[in-house]
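Notes follow once the structure below has been shown.
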Amino acid sequence: MGKFIISKAKTGVKFNLVAGNGEIILTSEVYNTKVAAKNGIKSVQKNAAAPVEDQTEAGFKKVANPKFEIYKDKRGEFRYRLKSGNGQIIGVGEGYKDKAGVSNGIKSIKSNAPAAQIVDETVAAKPAKAAAKKPAAKKAPAKAAAKKPAAKKAPAKKAAAKKAPAKKPAAKKAPAKKAAKK
């Protein structure tokens with residue numbers, strides 16, 4: 001079963017419709033508020049059964065809104081967009097090299113959108129940051145492990161220091177004091 005995932009964007013809030021296999025099949029515009037994004041989701045659910053207008057066919061038949069539009073982008077890839085009853089674009093799909101991919105994407109939206117659950121990741125973003133810090137903490141021991149070989153070199157210096165104990169300890173103390181002054 002599909003799900004709508006609401007997430008933060010640089011300038012607001014957006015949603016993706018994700019199919020049961022984990023593929024993003026529809027992406028919204030960026031909304032100013034979460035309420036507006038939820039209204040966009042309702043519009044996708046309401047209009048998911050819309051007919052398809054294939055603008056890549058010569059002499060294609062125009063279809064009234066709401067509708068899915070199949071078109072070719074500037075790179076020559078096939079794409080689709082879902083328009084609401086008032087003609088506004090409420091979601092777009094990724095580019096495909098062939099029209100069969102577009103048709104499968106639209107079929108997936110039609111089957112997944114009406115009953116898709118809504119997952120709000122804008123609320124879970126704060127715990128996710130804490131979770132992101134935990135892997136960083138895991139990296140810290142790796143850095144400490146990287147420092148351990150350096151510590152192994154230090155005993156080699158101490159071994160050299162044993163040959164001339166009076167000179168080496170004094171030299172070690174002087175750089176430590178300079179580092180403390182900085």
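Where a number appears in this text, it was derived from the coordinates with a stated rule and is not lab data. Every value quoted in this text rests on a predicted model; they were computed, and no experiment measured them. Neighbour counts are summed over all protein chains in view; Cβ atoms, including those assigned to glycine, are modelled from backbone coordinates with ideal geometry.
At full extension, SER7 and TYR71 could sit 20.3 nm farther apart than now, given 0.36 nm per residue minus the alpha carbon distance.
Compactness of the range 1-87 is given as radius of gyration and Dmax, 14.1, 41 Å, from Cα positions. The value of relative contact order for the range 1-119, using C-alpha pairs under 8 Å at least six residues apart, is 28 percent. Excluding same-chain neighbours fewer than eight residues apart, the aspartates and glutamates reachable from LYS8 by a Cα-Cα span under 13 Å are GLU29, ASP120, GLU121.
Give me the net charge for the shell around ILE25: Cβ to Cβ below 14 angstrom, other residues only, Lys and Arg +1, Asp and Glu -1. If you can, show how the numbers build up before the last one.
Numbers: positive: LYS3, ARG79, ARG81, LYS107, LYS110; negative: GLU23, GLU94.
Computed value for this residue: +3.
Highest mean packing first, where packing is the average number of other Cβ atoms within 10 Å per residue, the peptides 115-122, 67-74 line up as 67-74, 115-122.
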